[in-house]
Amino acid sequence: MNQEIRLTLEPARVGRLLRLATYASVTTAMVLIAGKLVAALLTGSVSVLASLVDSMMDAAASLINLLAVRYSLQPPDREHRFGHGKAEPLAGLAQAAFIAGSAVFLILHAVDRLLHPQPMNDALIGVGVLLFAIAATAVLLLFQHHVIRLTQSTAIRADALHYATDLLTNAATLLALGLAMLGWPLADPVFAIGIALYILYSAGHIGHEAIQLLMDHELPPEVYAHIKEIARSHARVRGVHDIRTRRSGQTYFIQLHLMLDDQMPLVEAHQVADEVEAAIMAAFPNADVLIHEDPASEPPPRPLPA
């Protein structure tokens, strides 16, 4: 599973991948902004302007990502004992706000263009720029998805969603330019509105995921089941209950209760807990594990409602 793949990587490699992904994102965004700015000025196309604004928001979001990822990779300190991983979903939430704002701007501008049509110039220049933008964005997305598969980073996932939106934006803009060249000028603002609505949908998706992480949402069910399986596999463990999980940046926080024989000496109970912890850490090397030992005769608490 992806979560296990991510946590078997060395922390140094994870950090290197995350930094490379943020640098590639910022560089791509700046190149695309320069090209689309020239195209927007020469063509006067509102859909090209929409694509330009989208790339500008991508650049701003990527810069936020770069800073957030660098901060989240810092080790725990005296004032942040649980690390700095929450910087990643905070960056995702900021990106959602950026994306939503850009979408509203695009809708207003496109509606104004529908009410006050304007001629388009040098559409072929816009076509060339957009073809280059599509190629550059596709290469970046391939690299980002490779990093996501290995790290499950929320910030990089949000950034990749930006660029997936940008890829669709570029394709839609290219189609709008083609229709305008064929005598359908209203296709330009209509496609811009469609792009903006999709951007709003993307913003909602990113914001929801970031909020879930900030509110310490449980890890996926398959991770929960694997933790329980590891703990129950120890020969001296009689049961497992009250497993709690959450994620902060690149760290999983795992808490659980082990049910052990009532007469087991404290030293032996502690040794069993250490062995279970070591087994969990072997499966999830970047995890922070906390285990409590309970007597087997004590009934476990009622499970929380689903």
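What follows draws every value from the coordinates through simple rules; no lab data is involved. Computed from a predicted model, the values in this text were never measured in an experiment. Cβ placement follows ideal geometry from the backbone for every residue including glycine, while neighbour counts extend to all protein chains displayed.
At-a-glance table
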quantity	calculated
Value of D in µm² per second that Stokes-Einstein yields for region 25-114, Kirkwood Rh from Cα pairs, at 4 °C (1.567 mPa s)	88 µm²/s
Ranking of M57, M281, M215 by count of other Cβ atoms within 10 Å, fewest first	M215, M281, M57
Peptide ranges 136-145, 35-44, 157-166, 77-86 listed from the most packed, as the mean C-beta count within 10 angstrom indicates	157-166, 35-44, 136-145, 77-86
Estimated inter-spin distance, L186 and V139, nm [label 7 Å along Cα→Cβ]	4.0 nm
Helix-only CD estimate at 222 nm, as mean residue ellipticity for the chain, using -39500 (n - 2.57) per DSSP H run (n ≥ 4)	-24000 deg cm²/dmol
Compactness index (Cα Rg / 2.2 N^0.38 Å), region 221-295	1.05
Computed lengthening from D112 to V38, 0.36 nm per intervening residue step minus Cα-Cα distance	24.5 nm
Residues S45, S25, S248 arranged by fewest to most Cβ contacts within 10 Å	S248, S25, S45
Angstrom value of the Kirkwood radius, inverse mean 1/r, which spans all Cα pairs in the chain	21.7 Å
Residue order, fewest to most beta carbons within 10 Å, for I134, I156	I134, I156
Percent of C-alpha pairs per 10 Å bin, region 65-155, short to long	13, 24, 31, 19, 10, 3, 0
FRET efficiency estimate (nearest 0.05) - Cβ-Cβ, H217 to A278, R0 22 angstrom	0.25
Residues H205 and Q271, FRET efficiency given R0 of 41 Å [Cβ-Cβ distance, rounded to 0.05]	0.35
Span-rule helices in the chain, defined as complete DSSP H runs reaching 18 Å or more along the axis (Cα) with Kyte mean at least -1.0	11-43, 46-72, 87-115, 123-151, 154-181, 187-214, 266-283
